[in-house]
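Trainee: Shown below is the structure under consideration.
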Amino acid sequence: MEAVPARARGYVVCAAFGALLCLTPPPLAWTPWWTVLPLAGLYAGGERIARRRFAGAFYPVLLAGAFLLPPSAAALVPLPGALCSPAGQRPFPLRRIRRAAHLATAVWAAAWVHRALGGGDAVVDSNLAAALAPTGAAVFVFCLLLAASDGRMSAPAERLPPRPLTRGLFLRSLAPVGVHGLAGLMMALLWRSPYGPVAALLVLFPMGVSWWVFAQYHQERTAHQATIRALVQAVDIKDGYTRGHSERVGQASMMIARELGMDERRVETLRFAGILHDVGKLGVPTRLLRKNGPLTPEERRVIELHPEYGHEITRGIAFLREARSAILHHHERMDGNGYPYGLTGAQIPESARVVAVADAFDAMTSTRSYSRARPVEAALEELNRCAGAHFDPRMVSALTDVITREGWRPVVTADTPHPPQQPSPPSSAAGTPATTTTPPAPVPSPGRPGAPHAEPR
C-alpha cells in the first residue's frame with residue numbers, strides 16, 4: 001500500500017465511501033436476501049470463470065439484480081465476487097476494493113434509473129415491451145459509469161487525458177454490455193415468472209456461447225498485436241536511430257482520427273497504419289539506411305521504394321487492408337510532388353493523408369543523435385505553413401486542435417538505443433537519414449519538394 005501514490009489511495013477511499021453511501025439507505029430487515037444471496041453467489045462464480053477462461057466480465061447477473069432489486073440491495077450483489085476475484089496486479093487489496101466500489105456504484109445507479117422509469121413494475125408484470133426502454137437507460141448509465149471510472153484510473157498509465165480515453169472505452173463496451181443487459185432482463189423476467197429462479201439460469205447458456213466467441217476474438221486481436229510488434233521490432237533493429245518513431249506516429253495518427261470523429265475501428269486501423277508506415281525499410285539495404293554522407297540519385301531512388309516494399313510486405317495480412325494504402329501513399333503530397341505515384345489532393349487516400357501529417361510532426365519533435373527536437377508549437381506552425389501544398393489542411397487542423405487542447409505526451413515502449421559512435425546523417429524527411437552529416441537546414445518553402453520533415457527515406 002505504501003508504494004501506491006497518495007492520490008490513488010485517496011481516490012479509492014472516496015470511491016469506497018461513495019459505494020457505502022449507496023448501500024446504507026434501507027434497513028437490513030427490508031433487504032430481500034433470498035434474491036441478493038443467490039445472485040451474489042452466482043456472480044462470484046461466474047466472474048471467476050469469465051475472467052480466467054474468457055478474459056471478459058460477467059455482467060448479466062449484476063444487471064439482473066439491478067432489474068429485480070431496490071438500488072441499495074442491488075449494490076450488494078457485486079461485492080463478494082469483486083472482493084474475491086483475481087486482481088491482476090499488485091496491490092491486490094486496493095484493486096479489489098476499487099473494483100468493488102465501482103461496480104456497486106454502477107449497479108446502484110442502473111437500478112435507480114430502471115426503477116425511476118418504471119422498469120420495476122414492468123418486470124413484476126412480465127411486460128417485456130414496457131421493460132425495454134428502462135433497461136436500455138439503465139445499461140447506458142451502467143456502461144458510462146464503468147467507462148468513466150476505468151478511464152480515470154487508466155489515464156495516468158496511458159499518459160492520455162481521461163476524457164478521450166473514457167469516450168473510447170464507453171463506445172467499445174456499449175454493445176457488449178447491451179447484450180449483457182438483454183440477458184439480465186430475460187433473467188429478471190424469468191425470475192419473477194411462475195418458472196422461478198431455476199429457469200432464469202437457462203439464460204446463461206447462450207451467454208456462455210457468446211463468451212466463447214469473444215474469447216476467439218480476443219485471441220485473434222492478441223495475434224494482430226503480436227504481428228505488428230514483430231514487424232516494428234524488425235524495423236527498429238534495422239534502422240535503430242528511429243526507434244520509437246513508429247509508435248509515436250501511430251499515436252499521433254490515432255489522435256487525428258479521433259479528432260475527425262472517425263469510429264473506433266478506423267481509429268485502430270490508422271494507429272496500425274502509423275505504426276507500420278516505415279515497415280518497407282525492411283526491403284532497403286541496411287548500408288543505405290545507415291550511410292554517412294550524400295546519397296547518389298540511384299541510392300535515393302532505391303530508398304524511395306520503401307512505401308511499395310511496405311505495401312508488399314503487408315499484402316497478405318488481411319486485417320491491415322486499409323492500413324496498406326496509408327503505408328503505400330504516406331509520402332504523396334497534395335501538390336503532386338510526392339512519391340511513389342505523384343498523386344494529388346483527394347487522389348491520396350484519407351488514411352495516407354493522416355499518417356503523412358503524424359509522420360512529419362514526430363520527425364520535427366523528436367531528438368536525434370544529430371539534431372535537437374523542435375518545440376511542439378514550432379512543429380505545428382511549420383505544418384500549418386505547409387498545409388495545402390504538402391499536407392491536407394484538414395488533417396493539420398485536427399492535429400493542431402487536439403494537441404493544443406490535450407498536449408503531446410507520446411507513449412513509447414521501444415527501448416532507447418545507445419547513441420551511435422558515428423552519428424547518422426541528418427534527416428531529409430520524417431524518420432529517415434539524409435545526405436549530409438551537418439545539422440539540417442531550414443525547411444524549404446511548401447512548394448519545393450524535399451522538405452526535411454516531410455520526405456523520409
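Trainee: If you stretched the chain out fully between F319 and A133, how much longer would it get, using 0.36 nm times the residue separation minus the C-alpha to C-alpha distance?
Mentor: Extra length available between F319 and A133 comes to 63.3 nm.
Trainee: When the Kirkwood radius is taken over all Cα pairs of the stretch 227-364, what Stokes-Einstein diffusion coefficient follows at 37 °C and 0.692 mPa s, in µm²/s?
Mentor: Estimated diffusion coefficient is 219 µm²/s.
Trainee: Which trypsin sites (Lys or Arg not before Pro) in the stretch 350-390 sit in a loop by DSSP (not H, G, I, E or B) and have at most 12 other Cβ atoms within 10 Å of their own Cβ?
Mentor: For trypsin sites (Lys or Arg not before Pro) across the stretch 350-390 that sit outside H, G, I, E and B with at most 12 neighbouring Cβ atoms in 10 Å, the list reads R372.
Trainee: Within the accessible area of the stretch 218-297, what % is carbon and sulfur when the probe is 1.4 Å and the other protein chains stay in place?
Mentor: Roughly 53 percent of what the probe reaches on the stretch 218-297 is carbon or sulfur.
Trainee: Multiply the residue gap between Q347 and I49 by 0.36 nm, knock off their C-alpha separation, and tell me the result in nm, one decimal place.
Mentor: Fully extending the segment from Q347 to I49 adds 102.2 nm.
Trainee: Here is a further query. Per 0.36 nm of contour for each residue apart, how much would the distance between T367 and R265 grow if the chain were fully extended, relative to their Cα-Cα spacing?
Mentor: Full extension from T367 to R265 adds 33.6 nm.
Trainee: Also, quick follow-up: Residues of the stretch 297-355: accessible area per residue at 1.4 Å, in Å²?
Mentor: 43
The values are calculated or read from the model by the stated rules, or taken from the named source; none is laboratory data. Every value quoted in this text rests on a predicted model; they were computed, and no experiment measured them. All Cβ positions, glycine included, derive from the backbone under ideal geometry; neighbour counts span all protein chains shown. Keep in mind that these areas ignore ligands, DNA and RNA; they rest on the heavy atoms of the full protein, side chains included. Shrake-Rupley method; radii C 1.70, N 1.55, O 1.52, S 1.80 Å.
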